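Here is the structure we will look at, set down as C-alpha cells.
The values are calculated or read from the model by the stated rules, or taken from the named source; none is laboratory data. The model shown is predicted, which means the values in this text are computed figures rather than measured ones. Reconstructed Cβ throughout: ideal geometry from the backbone, glycine too, with neighbour counts over all protein chains shown. All accessible areas refer to the heavy atoms of the entire protein, side chains included, with ligands and DNA or RNA removed. Shrake-Rupley method; radii C 1.70, N 1.55, O 1.52, S 1.80 Å.
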Amino acid sequence: MANPTSTPAGGPSGPLSHLGRLIAISSGKGGVGKSTVTANLAVMLARQGLRVGLVDADLYGPSIPGMLGLPANQPPAMSPEKKVIPAEAHGVKVISMGMLTVDDKPAIMRGPMVTKYLQMFITQVDWGELDVLFLDLPPGTGDIQLTLAQAFPLSGAVVVSTPQDVSLKIARRGLRMLEQVKVPILGIIENMSGFTCPSCGEVTHIFHQGGGREIAESIGVPFLGSIPLDPAIVDSGDSGQPLAEAAPDSPAAQAYAAIADALSGDMDRAGGLQVPFAWDLTTGEGKPAPASEGAADRPLALDYDPSGLTIRWPDAQVQTIDPRDLRLSCRCAACRDEISGKNLLNPETVPMDVVPTRIWSVGNYAIGVAFSDGHNSGIYTFPALRDIESVEAEDV
C-alpha cells in the first residue's frame, strides 16, 4: 500500500504536484459501467488510507454524486482563497457538474465552455494534498478527452469495456487515441464479465468472456481484471453506498479491491521535461526544469538563444532548430491542410527575423509555440520536432 503521507513516486512535478497522480478512467462507448467502476475504485483506495479526489468530468451526464450519496442541488462553498471546496463522501473528495445544476437541467455547452469547466474542476478546487486524482471521463474521444490530454500531465489512463465485441472494438479506438497523445495506458478492465447465479453458483457469460484480456495482450498493456455482474452493484449505486462498503466480501467488491491494489502500486512516469510549464522567452520565467532521463520520444531539456531552440534528447542527441524554420514547420490548421497535408503557409509572409516568444507544454506529447509575428496556434508533437528537416543534430 502506498504511504498516504508521502508524495507518490509517479506524481507530477510543479504546480500540480499536490494533486498526486492524475488517472483518467475512460471508455470507448457509454453503458459499460465506467462511472460505477471509478466510484468504487476511488472508495477502495480511500479505504487503503490514500488521499483521493474524484473529478466527474462527464459534464453532460454527471452521475458520481448520486453513486456516492452526495446531496443533490447543493452548490459547493468557497474557501477564503476563492477556491471551490469539494464535497466529500466515503473518504473521497468530489467535484461534479451535478453539484452545480438542478437535477433535471441539461448542461448545454460548446467546446470552449467545457474546457473552462474542466480546468476549473482541476485547478480552482481546494483539493489539499492528494495521492491520486481520478478523472471520470465521458465515453468517446472528443473535446473532453483531448482537452485533458493537452492541458494536464496525466499519469495514465484506465480503459473500461464490457466483453461484448462491439464494446471491445470501440475501446480499442479509445486506446489508440490515448496512445497518440502519449497518455500511458495503465490497463484495461473488463466489466460485466459474467453473472454468478446466487442460487446454484453457476457462472453465465452473458456478453462472452476474455475479450478484455485479449485486447490487452495484443496491444501490450496490463489487464487489470474482470468485474462480474452483480445486482448489488446497481442497488449500491442507487442508494449512494458503493459496493466497496455495502458488500465488501462480494466477488465484485473483491475484484475492485484487486484492481485498486494494482493501481496503488508504483507507476513508472514517462520521464522527460517536467510538465506542465509555460515559458516566457522574453523574460525567461517559467523555463521547464530539465530531466536526467526519460522515454526516447520525450525531450530531456529545452534551451533558447538567438541561434534557435535547442532540444536535448535521451539518446544523446542535441538538436537546434532555427527560429524561422520552427515557424515554417507549423502544422496547425492555418498553416497546413488537415486533410491533404498540403502546406498553406506562404514562406514570403513570414519575417526573416521571426522568433518564438512563448513555449508551453501540451500534455505529455507536444509543445505549443507563440511567435513574434502573432502566430500562436501551432502544436508541435515531439516526433514532429525531430522530423524538422532543416535541423542539424550532433552527438553530445
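Report the residue count in the stretch 369-387 for those that are touching a Ser or Thr at 6+ places or on another chain (Cβ under 8 Å) and open to solvent by less than 20 Å² (accessible area, probe 1.4 Å). So that I can check it myself, show each step before the final result.
So the first thing to find is which residues in the stretch 369-387 are touching a Ser or Thr at 6+ places or on another chain (Cβ under 8 Å), and the list is 370-372, 380, 384.
Okay, now just the ones that are also open to solvent by less than 20 Å² (accessible area, probe 1.4 Å), so 370-371, 380, 384.
Count: 4.
Looking only at residues that are of a type in the set (A, V, I, L, M) and part of a loop (DSSP other than H, G, I, E, B) in the stretch 46-57, which one is farthest from E88 (Cα to Cα)?
Just the residues of the stretch 46-57 that are of a type in the set (A, V, I, L, M), to begin with: 46, 50, 52, 54-55, 57.
Within this subset, residues satisfying the condition of being part of a loop (DSSP other than H, G, I, E, B) are 50, 57.
Working: L50: 14, A57: 17 Å.
Within the stretch 46-57, the match that is farthest from E88 (Cα to Cα) is A57.
Please enumerate the residues belonging to the stretch 304-328 that are closer than 13 Å to V355 by Cα, crowded, with 18+ Cβ neighbours inside 10 Å and of a type in the set (S, T, N, Q).
Result: no residue meets the conditions.
Suppose the filter is assigned to a strand (DSSP E or B), open to solvent by 20 Å² or more (accessible area, probe 1.4 Å) and free of Cβ contacts under 8 Å to residues at least 60 places away in the same chain; does K82 pass it? If you could, list the steps in order and put the result at the bottom.
On the way: assigned to a strand (DSSP E or B): no; open to solvent by 20 Å² or more (accessible area, probe 1.4 Å): yes; free of Cβ contacts under 8 Å to residues at least 60 places away in the same chain: yes.
For K82, the condition - assigned to a strand (DSSP E or B), open to solvent by 20 Å² or more (accessible area, probe 1.4 Å) and free of Cβ contacts under 8 Å to residues at least 60 places away in the same chain - is not met.
Give the residues of the stretch 239-259 that are farther than 26 Å from I185 by Cα and touching a residue at least 60 places away in the same chain (Cβ under 8 Å), sorted by residue number.
Here is the first cut: in the stretch 239-259, the ones farther than 26 Å from I185 by Cα are 239-241, 245-250.
S239, G240, Q241, E245 - these are the residues of the stretch 239-259 that are farther than 26 Å from I185 by Cα and touching a residue at least 60 places away in the same chain (Cβ under 8 Å).
Would you check which residues across the stretch 340-369 are assigned to a loop (DSSP other than H, G, I, E, B) and either out of contact with any helix residue (DSSP H, G or I) (no Cβ under 9 Å at 6 or more places or on another chain) or acidic (D, E) (or both) and list them?
S340, G341, K342, L344, N346, D353 - these are the residues of the stretch 340-369 that are assigned to a loop (DSSP other than H, G, I, E, B) and either out of contact with any helix residue (DSSP H, G or I) (no Cβ under 9 Å at 6 or more places or on another chain) or acidic (D, E) (or both).
When you scan the stretch 58-70, how many residues do you find that are in a loop (DSSP other than H, G, I, E, B), in contact with a Pro (Cβ under 8 Å, 6 or more places away or on another chain) and closer than 12 Å to G240 by Cβ? Quick ask: steps written out before the conclusion?
Filtering the stretch 58-70 down to residues in a loop (DSSP other than H, G, I, E, B) leaves 58-63, 68-70.
Among the residues that remain, those that are also in contact with a Pro (Cβ under 8 Å, 6 or more places away or on another chain) are: 58-61, 68.
So of that shortlist, the ones also closer than 12 Å to G240 by Cβ come out as 68.
So the count comes out to 1.
Would you mention how many residues in the stretch 359-378 are modelled with pLDDT under 90 and not aromatic (F, W, Y)?
First, the residues of the stretch 359-378 that are modelled with pLDDT under 90: 361-366, 377-378.
Retained after the next criterion (residues that are not aromatic (F, W, Y)): 361-364, 366, 377-378.
Of the residues in that region, 7 qualify.
Filter the stretch 283-298 down to the residues that are over 20 Å from P184 (Cα atoms) and not hydroxyl-bearing (S, T, Y), then identify the one that is farthest from the chain's Cα centre (by Cα). Give the steps one after another, and end with the answer.
Here is the first cut: in the stretch 283-298, the residues over 20 Å from P184 (Cα atoms) are 283-290.
With the extra rule that they be not hydroxyl-bearing (S, T, Y), the set shrinks to 284-290.
Values: G284: 29, E285: 26, G286: 23, K287: 23, P288: 20, A289: 22, P290: 22 Å.
The residue in question is G284.
Any chance you could count how many residues in the stretch 149-170 are open to solvent by less than 30 Å² (accessible area, probe 1.4 Å), more than 12 Å from I25 (Cα to Cα) and either not in a loop (DSSP other than H, G, I, E, B) or not hydrophobic (A, V, I, L, M, F, W, C) (or both)?
Kept after step one, since they are open to solvent by less than 30 Å² (accessible area, probe 1.4 Å), are these residues of the stretch 149-170: 149, 152-163, 167-168.
With more than 12 Å from I25 (Cα to Cα) added as a condition, the list becomes 149, 152-153, 162-163, 167-168.
Next, from what is left, pick out any that are either not in a loop (DSSP other than H, G, I, E, B) or not hydrophobic (A, V, I, L, M, F, W, C) (or both): 149, 153, 162-163, 167-168.
Qualifying residue count for the region: 6.
Kindly provide the set of residues from the stretch 338-358 that are touching a strand residue (DSSP E or B) at 6+ places or on another chain (Cβ under 8 Å) and either at pLDDT below 95 or surrounded by fewer than 21 Cβ atoms within 10 Å (Cβ to Cβ) (or both), ordered by number. Before you say what the answer is, go through the steps one by one.
Within the stretch 338-358, the first condition is being touching a strand residue (DSSP E or B) at 6+ places or on another chain (Cβ under 8 Å), and the residues that meet it are 342-345, 354-358.
Result: K342, N343, L344, L345, V354, V355, T357, R358.
Among the residues of the stretch 120-148 satisfying the criterion of being open to solvent by 30 Å² or more (accessible area, probe 1.4 Å) and acidic (D, E), which is farthest from A260 (Cα to Cα)?
D143
So, L22, is that one at pLDDT 90 or above and in contact with a Ser or Thr (Cβ under 9 Å, 6 or more places away or on another chain) or not? Don't jump to the end; show me each part of the working.
Values: at pLDDT 90 or above: yes; in contact with a Ser or Thr (Cβ under 9 Å, 6 or more places away or on another chain): yes.
So L22 fits the description; yes.
What are the residues in the stretch 22-38 that are open to solvent by less than 10 Å² (accessible area, probe 1.4 Å) and over 17 Å from D249 (Cα atoms), if any?
Here is the first cut: in the stretch 22-38, the ones open to solvent by less than 10 Å² (accessible area, probe 1.4 Å) are 22-27, 32, 37-38.
Answer for the stretch 22-38, where residues must be open to solvent by less than 10 Å² (accessible area, probe 1.4 Å) and over 17 Å from D249 (Cα atoms): L22, I23, A24, I25, S26, S27, V32, T38.
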